[in-house]
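S.K.: Just passing along the structure, written as structure tokens.
The values are calculated or read from the model by the stated rules, or taken from the named source; none is laboratory data. Because the structure is predicted, anything quoted here is derived from the model rather than measured. Neighbour counts run over all protein chains shown; Cβ positions are idealised from the backbone, glycine included. All accessible areas refer to the heavy atoms of the entire protein, side chains included, with ligands and DNA or RNA removed. Shrake-Rupley method; radii C 1.70, N 1.55, O 1.52, S 1.80 Å.
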Amino acid sequence: MFKIDQSDQILSCKMSSRSGFVDRAVQEMDDFVKGIEGDVSTEDLRTCVRELLINAMEHGNQSDASKTIGLLVENIPPSRYKVEVRDEGEGLTGDVLPPRQELEPGQNRRRGLAIVNTCSDLLESGGQGVVRAWFTLTRPTAFEMESNGSETILHPTGDITSSVAESFRKALLAWCESESESVCIDLDRVENIDSICLSVLVSFSHMEGVHNGTRKVRLIHLKPGLERLFR
């Protein structure tokens, strides 16, 4: 038995405790989320939902195919999701949930729940046979480029932090290899630049051409905090 119900904000799935249904449910969930979010990474969410379903099947329902598992995925705009998995077992008490920490190399028991607890915003027991987890999806910052005559305009789509440092470096390198005399970095959608990416920018400011003034780097639309940082 495998049944799906879906609305604009909620996906619910009821299935028999069969391993083949786990991947099917995860795919349904992924399609649902990407239908809302578009092109966004769901890797952690997929992994955690799979682990919760496996835990429900193997531990909650003791791999008894006559017992059912319920999956509820609810979108909490803009990009947060509540996941609830229900089985026919006794459920978990608060002291059974693993701590929020990295997995130990030799850890064997409750490894799946430990993965969920590490990758989710929150994991909690919802009472008999119910486990809930919350996830926030984030989009990595992209660096959109356009040419405006002799100037290249770089539009970061979000914060410029260590996770996108290499992409930031490549975007600036692409400008350096072009014929544009200057690059304008539009920080309209940027709230934060961390020290790693600040170092990337500083290193480019010391490159020959930029340093002697024949090529220029301009920053526009700085938020007050960023303006103080650069000053």
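S.K.: Looking at 143, 204, can you tell me which residue is in contact with a Ser or Thr (Cβ under 8 Å, 6 or more places away or on another chain) and over 19 Å from residue 227 (Cβ atoms)?
M.R.: 143
S.K.: Within the stretch 8-20, take every residue that is modelled with pLDDT of 95 or more and under 25 Å from the mean Cα position of the chain (by Cα) and give me the one that is farthest from residue 71 (Cα to Cα).
M.R.: Here the answer is 9.
S.K.: Which residue, of 229, 187, 198, is more than 30 Å from residue 56 (Cα to Cα), open to solvent by 50 Å² or more (accessible area, probe 1.4 Å), of a type in the set (A, V, I, L, M) and out of contact with any Cys (no Cβ under 8 Å at 6 or more places or on another chain)?
M.R.: Criteria check complete, one pass: 229.
S.K.: Turning to a different aspect of this structure: Here are some residues: 28, 84, 58. Which one is modelled with pLDDT of 95 or more and assigned to a helix (DSSP H, G or I)?
M.R.: On inspection, the qualifying residue turns out to be 28.
S.K.: Here is a follow-up. Might you let me know whether the stretch 77-85 holds any residue that is under 21 Å from residue 140 (Cβ atoms), of a type outside the set (Lys, Arg) and open to solvent by 70 Å² or more (accessible area, probe 1.4 Å)?
M.R.: Checking the stretch 77-85: at least one residue is under 21 Å from residue 140 (Cβ atoms), of a type outside the set (Lys, Arg) and open to solvent by 70 Å² or more (accessible area, probe 1.4 Å).
S.K.: Assuming residue 56 fulfils every condition listed in (1) closer than 23 Å to residue 117 by Cα; (2) within 23 Å of the chain's Cα centre (by Cα); (3) open to solvent by less than 40 Å² (accessible area, probe 1.4 Å); (4) not acidic (Asp, Glu) apart from one, which condition is it?
M.R.: (2)
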